[in-house]
Amino acid sequence: MSSFKVSLFYIISGFLMSYSGSVKGRNFKNFLSKLLNSLALPYLTFSIIGIIFKTACVLLKHQPMTEVFSVFWEYLMDCIFLKGINSMWFIPSLFIGEIVFFWIVRSPKVIKIIYGIFGVFAITLTNMLTGFIENTITAVSLSWIKEDVIRLINATGKSLCAAWFIGAGY
């Protein structure tokens, strides 16, 4: 999350969460239901549309079927492992970030202070962890797992950083 605009988006999201009272005024079940309807459902809908569109574009270019399946599989894995397709990467990070922030608001003061100090370093720690995994997993038989694990770690790191910015706006 190196862009000022993205950070500002999360800060504004935190401000609106505070303004609307959606965190303190709801239990987790109601909060999660709201998130599923407002973020997860649109993410899945537009991801499916994006996967179909990208696959159709490759198919219409008369590419070999192996290329068509490769594109389909890549975009499906990006969707499943919360990387997002093209510019939709922020939706899963906002979804997970809001869930993390929901629990941080209800946690003891010590946890809030620790997260307030170290939450901003989530991206740096994520980059260190993915670098370690890239250098550690070298076996060809595990290379397909490595990409998916790195996708999931990156999504988690962005989400933890998003929770920090949401808290800054809250």
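The values are calculated or read from the model by the stated rules, or taken from the named source; none is laboratory data. None of the values given here were measured: they were computed from a predicted structure. For neighbour counting, all protein chains shown are included, and Cβ atoms are generated from backbone atoms with ideal geometry for every residue, glycine included. With ligands, DNA and RNA removed, areas are computed over all heavy atoms of the protein, side chains included. Shrake-Rupley method; radii C 1.70, N 1.55, O 1.52, S 1.80 Å.
The table below gives the values:
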read-out: Residue check, Phe46 part of a helix (DSSP H, G or I), among the hydrophobic types (A, V, I, L, M, F, W, C) and either free of Cβ contacts under 8 Å to residues at least 40 places away in the same chain or open to solvent by less than 30 Å² (accessible area, probe 1.4 Å) (or both); value: no
read-out: Complete set of residues in the range 50-65 that are open to solvent by 90 Å² or more (accessible area, probe 1.4 Å) and either within 9 Å of Ile85 (Cβ to Cβ) or β-branched (Val, Ile, Thr) (or both); value: Ile52
read-out: Residue that is nearest to Ser13 (Cα to Cα) [pool: residues in the range 111-170 that are touching a residue at least 40 places away in the same chain (Cβ under 8 Å), aromatic (Phe, Trp, Tyr) and in a helix (DSSP H, G or I)]; value: Phe165
read-out: Subset of the range 1-43 [open to solvent by 90 Å² or more (accessible area, probe 1.4 Å) and over 14 Å from Glu98 (Cα atoms)]; value: Ser2, Phe4, Lys5, Tyr19, Leu41
read-out: Unique match (being surrounded by 15 or more Cβ atoms within 10 Å (Cβ to Cβ) and under 13 Å from the mean Cα position of the chain (by Cα)) among Ile123, Ile137, Ile80; value: Ile123
read-out: Test: residue in the range 13-27 that is within 18 Å of the chain's Cα centre (by Cα) and of a type outside the set (D, E, K, R); value: yes
